[in-house]
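The block underneath contains the structure these notes are about, expressed in structure tokens.
The values are calculated or read from the model by the stated rules, or taken from the named source; none is laboratory data. Since we're looking at a predicted model, the values are computed, not measured. Every residue, glycine as well, gets a Cβ built from its backbone with ideal geometry; the counts of neighbours run over all protein chains shown.
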Amino acid sequence: MQSYTSMTLEEQLGQLFVVGFWGTTPSPEIIDLIQNYHIGGIILFSRNISDPQQVLELTESLQRSAKDAGHRHPLLIAIDHENGMVQRLGKAVTQFPGNMALGAIGSEQIAYAIAEATGRELKALGINMNLAPVVDVNNNPANPVIGIRSFGEDPLQVARLATATVKGYQAAGIISSLKHFPGHGDTAVDSHYALPTISSTLQRLEEVELVPFRSGIEAGAPSVMIAHIHFPSLMQDKVLPATVSSAVISELLRKQLGYDGVIISDCLEMKAIADTLGVERGAIMVLQASSDLVLISHHYTLQRAGIEAVRSAVQSGELSPEMIRQAVERVLRLKERFLPWDRLPASTSPAWVGGKEHQELRDRAYNLSTTLVRNDAALLPLRLEANERILVVFQQTDTNIVEGKHSTPDELLLQSIRQYHAHVDTLSLSSRRTAEEYQEVLQRARESDVIIMPTVDAFLDQQQAQLMNSLMQTGQRVVGIGVRNPYDLLAFPQLRTYLVTYEYTQPALAAAVRVLFGEIQPQGRLPVTLPALYPLGHQASIY
């Protein structure tokens with residue numbers, strides 16, 4: 001391994017930062033950070049992506065800049081490509097199911113296969129680190145930020161699938177990252193916008209939240225990401241995020257769990273940090289707490305300010321040179337293991353990225369994940385006369401639900417349904433619907449034979465819940481499809497026909513439509529419980 005002592009202070013500190021930029025080619029700002037600040041890590045987002053060859057040329061260009069600048073190891077090039085609704089690469093790669101869909105399947109073999117296939121595609125495009133999997137146990141239905149990004153609410157199942165996913169990424173040669181330590185599943189606040197608090201006791205954390213992290217660490221996870229969450233049971237003195245807490249990182253993760261891999265912060269530009277400590281102070285405290293990588297995803301001025309704040313803290317003695325040494329050595333060990341200069345990808349994107357083999361794996365997984373929660377009226381599979389009419393109704397929402405590049409649920413669902421039935425109409429109500437628009441939908445519903453309504457977090461949205469209940473009162477046959485969180489049935493418990501896809505991606509909705517029309521049998525099982533429903537846990541089917 002490259003000796004820590006042979007590096008200047010600026011080279012050492014550069015290895016401890018991961019930064020992002022705008023554009024599909026390297027920006028002048030990112031080149032400056034690579035060449036003059038010795039930045040060792042880059043994070044990509046959808047704003048950096050257009051097609052496979054462009055991504056490969058971008059990562060090649062970034063690595064060439066680092067090599068020309070004298071970097072002794074390649075750059076970490078990271079992305080948080082979780083699959084499902086959180087995927088940054090769009091059509092550049094295969095669209096695989098997200099975690100909750102995999103939880104509905106419950107198969108370690110499929111979780112492994114999808115992680116390996118995802119990792120192979122990322123690596124072929126020059127991306128060597130995926131900030132995944134999410135191993136949070138989603139035990140709070142009102143969680144605004146995890147939800148379907150979790151494998152489910154059972155800690156042991158989350159642990160099983162997390163382990164399989166880590167091993168799949170290892171097989172592909174990709175650095176994975178367990179997140180969000182010590183657990184983000186029981187929050188009702190999004191740390192992008194504020195600092196959440198989880199009041200669980202340490203015993204509760206041990207029994208629930210920490211179970212998947214222990215399993216993933218035992219499987220050899222090369223990195224762990226820390227959450228911007230306050231845990232009073234662990235951090236009794238100050239109201240601070242775990243990201244900057246020695247009690248969480250040094251004591252719990254490093255000492256009690258014995259973790260000696262690379263620890264990365266969540267982005268310091270999230271308001272849980274930016275509006276409390278500030279990015280510069282946060283960067284110093286992240287490293288003081290025994291983390292290794294400081295993530296500043298977006299703004300060049302904040303990235304430079306963070307680096308300079310850390311350098312000043314080292315020079316003043318506020319930050320221990322020994323802690324910097326340990327962090328740099330952990331990062332260099334990671335790079336020695338995964339990133340030799342002679343193993344960078346070829347210059348042409350291979351044809352198998354997004355190709356037939358991975359598409360077949362994708363379709364098999366989506367078919368297995370589609371979950372028929374309720375079929376009490378034996379309405380499914382649909383058996384319609386040629387002249388019968390289907391009405392697809394969608395209530396738009398102001399909720400910020402899009403991660404990556406996706407079409408809206410009504411567009412995708414409509415395309416799939418029309419492949420099976422000729423007479424399909426659609427109506428979409430805006431979030432600022434008028435009384436006249438509402439009455440028009442109900443009138444059209446009465447004139448139709450089957451009504452299909454996709455819902456997006458309807459259990460948190462009164463307008464969607466009201467619309468679904470009104471449609472049911474028309475006396476027509478109504479099918480609800482939860483195209484995000486499965487909890488929507490809580491908002492209209494009298495609905496007799498309810499499917500869940502866990503995401504509104506095209507292959508997920510296509511699989512749901514195959515179930516609607518009887519081409520495949522539904523095989524998914526809810527990885528979360530829906531309390532206060534009748535009959536509890538019922539999954540009726542005539543298949």
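Among residues belonging to segment 89-129 that are in contact with an Asp or Glu (Cβ under 7 Å, 6 or more places away or on another chain) and farther than 18 Å from PRO527 by Cβ, point out the one that is surrounded by the fewest Cβ atoms within 10 Å (Cβ to Cβ).
The residue in question is ALA92.
So which of VAL294, VAL286 ends up being in contact with a Ser or Thr (Cβ under 6 Å, 6 or more places away or on another chain), modelled with pLDDT of 95 or more and assigned to a helix (DSSP H, G or I)?
Result of the check over VAL294, VAL286: VAL286.
So how many residues does segment 471-495 have that are in a strand (DSSP E or B) and either hydroxyl-bearing (Ser, Thr, Tyr) or more than 25 Å from the chain's Cα centre (by Cα) (or both)? Walk me through it before giving the result.
First pass over segment 471-495, keeping only residues in a strand (DSSP E or B): 477-482.
Checking the rest, the ones that are also either hydroxyl-bearing (Ser, Thr, Tyr) or more than 25 Å from the chain's Cα centre (by Cα) (or both) come to 477-479.
Number satisfying all stated conditions: 3.
Taking ILE307 and the conditions (1) within 28 Å of ASN99 (Cα to Cα); (2) modelled with pLDDT of 95 or more, which numbered condition does it fall short on, given that it satisfies the others?
Exception for ILE307: condition (1).
Between ALA377, ALA351, which is in contact with a Lys or Arg (Cβ under 7 Å, 6 or more places away or on another chain) and either assigned to a helix (DSSP H, G or I) or outside the structural domain of GLU269 (by TED's automatic domain parsing) (or both)? Even if it seems obvious, please write down each step before you answer.
Working: ALA351 fails: in contact with a Lys or Arg (Cβ under 7 Å, 6 or more places away or on another chain).
One residue alone meets the criteria, ALA377.
Go through segment 301-318 and give me each residue that's within 33 Å of the chain's Cα centre (by Cα) and free of Cβ contacts under 8 Å to residues at least 60 places away in the same chain.
Within segment 301-318, the subset within 33 Å of the chain's Cα centre (by Cα) is 301-311.
Scanning segment 301-318 gives THR301, LEU302, ALA305, GLU308, ALA309.
Would you confirm, using the coordinates I've provided, whether ASP363 is among the acidic types (Asp, Glu) and either touching a Phe, Trp or Tyr at 6+ places or on another chain (Cβ under 6 Å) or under 24 Å from PHE517 (Cβ atoms) (or both)?
Criteria met by ASP363.
Restricting the first residue to segment 4-26 and requiring it to be outside the structural domain of ILE39 (by TED's automatic domain parsing) and more than 21 Å from LEU302 (Cβ to Cβ), which pairs with a second residue that is of a type in the set (Ser, Thr, Tyr) and in a helix (DSSP H, G or I) meet a Cβ separation below 8 Å and a spacing of at least six or different chains?
As it stands, the answer is THR25/SER61, since those pairs meet every condition given.
Scan HIS406, HIS421 and give me the residue that is outside any helix (DSSP H, G or I), modelled with pLDDT under 85 and surrounded by 15 or more Cβ atoms within 10 Å (Cβ to Cβ).
After ruling out the rest, the residue left standing is HIS406.
Out of (1) surrounded by 17 or more Cβ atoms within 10 Å (Cβ to Cβ); (2) farther than 17 Å from HIS38 by Cβ, the odd one out for ASP342 is which?
ASP342 satisfies every listed condition except (1).
Out of segment 496-522, which residues are more than 26 Å from the chain's Cα centre (by Cα) and assigned to a strand (DSSP E or B)?
Residue satisfying the conditions is THR497 alone.
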